[in-house]
Structures are given as structure tokens and as C-alpha cells.
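Q: Pasting a structure below so you can have a look.
Since every read-out is calculated from the coordinates, none of them should be taken as a lab result. Everything quoted here is computed from the prediction, not taken from an experiment. Cβ sites come from the backbone with ideal geometry, for glycine too, and all protein chains shown count toward neighbours.
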Amino acid sequence: MAIFAFFALSMPVDAAAGSENFIDRPWEIRYVLFAEDASLMRAGLAYSEKSNKQQTLRGKQKIYLSASALFEITATFAVPGEEALGIILLTFDRAGRVVNKKGALSSMSAKRTRLDRLVLVHNDIPDPNPYYFGYWSQGIPGDVTFSPAACSSDDFRRYEPGWNIDSYTGNFGCREWTAQLYDRAQPYIDVTSYATHGTFIGSLTGWSRFEDPPKPVIGRHGKTWLCLHECPAGEKPGVIPDIRAWTTKHGFPMPTRPSKQPLYPNADYMDDLNEFWQQ
């Protein structure tokens, strides 16, 4: 199975970092979560570190460096019959400062640029090359179901024509996450990807705002249900032995398979997109 590490492919190429200014507005993102096959995640982190060093040695200025070179895997979930799943979690305070402080991240803050890049910069040192970690997507013009959203640059491949629904990257992306985040009637965020080769948790970027109530993040990886983050009633992240008993215990509905995945492809919104592009 030949697939690429999610973090190794996440750099924007359509704008130089030095051409952007930061938006002067309150920081609203409470956390950003990345999930991926743990071995691919480790490979992506190593690749990003190597790439950043090469760019620095070449003396390049006004470019993006990869923030993933600064990350450490927060948690790993081993599931019988499936590849281990890795999680990276970034948490912020209302000033955008990184809260889960380790290494270089301990002195960094998040900013949003005028071209909607999400970047990390050092608190007290001018950064000629900010560290890119995501994209603030405005979504479909006029839509508030799944936008705005924190996404990866590669997230949008899921919503373009020709997307392979059997990709091991997974069919659950930032739009699916954000729709569940915004739906106050939805008590959890189910990140399960469905494909003909099985049910799994793929490569994804998730997030939440300070104004959003905490929601458990769950998903089915092979035959095993997991709670990945903000598990209810003080439960620790890990295996959910019996999903029916778990949902009954917490008064939640049972997870159900969506009618399709990806659930919000661009093809369903072409009239809105064409109208926007013609303006």
C-alpha cells in the first residue's frame, strides 16, 4: 500500500509567506487535532524537520516552514487488525499562545494571515519564515453548515471531482468535522471513514472554538470504537468496549453511517461556486 504521509504534503505553494500580514482580531480556536496512521505521522514529522533544515541552510526568506517539524505525537492508539493511530493535539489560550508547551512550541503563538493561513510564530522573536499548520477555509459562499473551518491544504482534495473514495487517506475531512461541531444537537464528533475496504479513522484535521461546548471525538477503527479526545464524564481516551452500552450510558444516540462520503463534495454546490467565480 503506497500512500504519502499527510504532514509531508501540507505546505501551501501559492503565496510567499512574506506577502501576508496577520489579521488583527481575537484568536478563536481552542484546539487543533491531527490524526493519521502513526507510522506515516512519524515519517511526516521527520520529513518536515529535514525539509525545514534544508530551506534554512539555503538561506531562503519569506517562505513557509512546516510547523509539523515542531510537533510531537500526543497519543497513539493500537487496535487489533489495524495500523496504530497517531494523534497530535495543539491547544491555545485566547491570545493564541500554545498551551500544551513542549520544546519550541513553549514560546510560540498562532496567527491567521490575510490569506487565511494558520501559522505559528515565536512570541518575542520576529519570524521571517512563519510555521504553517493549517488553512482557515471560508467554504462554500453563503454556506454556514461546515464553514468557516480549520483545514489542511490537502483537505480540499477530498471535495474535488475525481476523488478516490477508497483512498486510505479517508473520506472524512474538515467539512464533515465542522458540520458536526456546529450542530448543537449532535453530542459528539464521529470521525469514521467508510470505504469498500473497511471502516477506519483516516488522515484528518479537527478543531474547536472557545465558544463551542466540548464534544467527545469518537470513531471506528476497524472493528474497534475509540474515544480520541474530550471523552465524557472524565473518561480517558481509549477503546470503547461496547458502543451501544457507551451511548446508552451517556444518553447519546448510536452513531450511524452517513448517506455518502465525503458528505459535502464541491459537486453538490456548483451553482454557488460558479456564481461566486463569475463575480
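Q: Where in the range 120-150 does the label zone of SER107 land, with the point 7 angstrom along Cα→C-beta and an amide N cut-off under 17 Å?
A: Flagged as within label range: 120-131.
Q: Any idea how many Lys pairs in the chain come in under 20 angstrom at the alpha carbon, given 8 or more places apart or on separate chains?
A: Pairs that pass both the separation and distance tests number 13.
Q: To the nearest 0.05, how large is the calculated FRET efficiency for ASP116 and ALA245 if R₀ is 30 Å and r is the Cβ-Cβ distance?
A: Approximately 0.10, to the nearest 0.05.
Q: Tell me what the chain gives for mean residue ellipticity at 222 nm when only DSSP H runs of n ≥ 4 count, each as -39,500 (n - 2.57), the sum divided by the residue total, rounded to 500 deg cm²/dmol.
A: Calculated mean residue ellipticity at 222 nm is -5000 deg cm²/dmol.
Q: How would you rank ARG25, ARG30, going from fewest to most other Cβ atoms within 10 Å of each one's own Cβ?
A: Final ranking by Cβ density, sparse to dense: ARG25, ARG30.
Q: Could you give me the ³J(HN,Hα) list for the range 56-64, computed from phi with Karplus coefficients 6.51, -1.76, 1.60 and θ = phi - 60°, whole Hz, x at Gly and Pro?
A: 5, 5, 6, x, 6, 10, 6, 10, 8
Q: If each residue's Cβ is checked for other Cβ atoms within 10 Å, how do THR199, THR224 rank with the fewest at the top?
A: With the sparsest Cβ surroundings first, the list reads THR199, THR224.
Q: Same structure again: For the range 68-83, in order, what is each residue's ³J(HN,Hα) by Karplus, 6.51 cos²θ - 1.76 cosθ + 1.60 with θ = phi - 60°, in whole Hz (x at glycine and Pro)?
A: Going residue by residue, I get 5, 5, 9, 7, 10, 5, 7, 8, 10, 10, 8, 10, x, x, 10, 5 Hz, with x marking Gly and Pro.
Q: In the chain, with Lys and Arg counted as +1 and Asp and Glu as -1 at Cβ, which of these residues, TRP136, THR76, ILE201, has the Cα nearest the positive end of the dipole, that is, farthest along it?
A: Of the listed residues, the answer is THR76.
Q: Rounded to the nearest 0.05, what FRET efficiency do ARG58 and ASP124 have when you use their Cβ-Cβ distance and R0 = 30 Å?
A: 0.70
Q: Separate question: In the chain, once you exclude exposed GluC sites (Glu not before Pro) (DSSP loop, at most 12 other Cβ within 10 angstrom), what's the longest stretch remaining?
A: Longest site-free region, per DSSP loop and neighbour criteria: 73-210.
Q: Between LEU228, LEU57, LEU33, which gets the highest mean-square fluctuation from a Gaussian network model of the chain, Cα cutoff 10 Å?
A: Top of the fluctuation ranking is LEU57.
Q: Between the range 197-272 and the range 92-156, what's the alpha-carbon centroid distance in Å?
A: Here the two parts' Cα centres lie 23 Å apart.
Q: Starting with the fewest neighbours, write out VAL32, VAL191 ranked by other beta-carbon atoms found within 10 Å of each beta-carbon.
A: The most exposed by this proxy come first: VAL32, VAL191.
Q: Still on this structure: Given the options HIS250, PRO232, TYR264, identify the residue whose Cα lies farthest towards the positive end of the charge dipole of the chain (+1 on Cβ of Lys, Arg; -1 on Cβ of Asp, Glu).
A: Most positive-ward Cα: PRO232.
Q: Hey, another quick one. Assigning unit charges at the beta carbon (Lys, Arg +1; Asp, Glu -1) and nothing else, what dipole magnitude in debye, to the nearest 20, does the chain show about its Cα centre?
A: It comes to approximately 720 debye.
Q: A further question follows. Any chance you could run the full-extension gain for VAL99 through ARG25? It's 0.36 nm times the residue separation minus the Cα-Cα distance, nm to one decimal.
A: 24.7 nm
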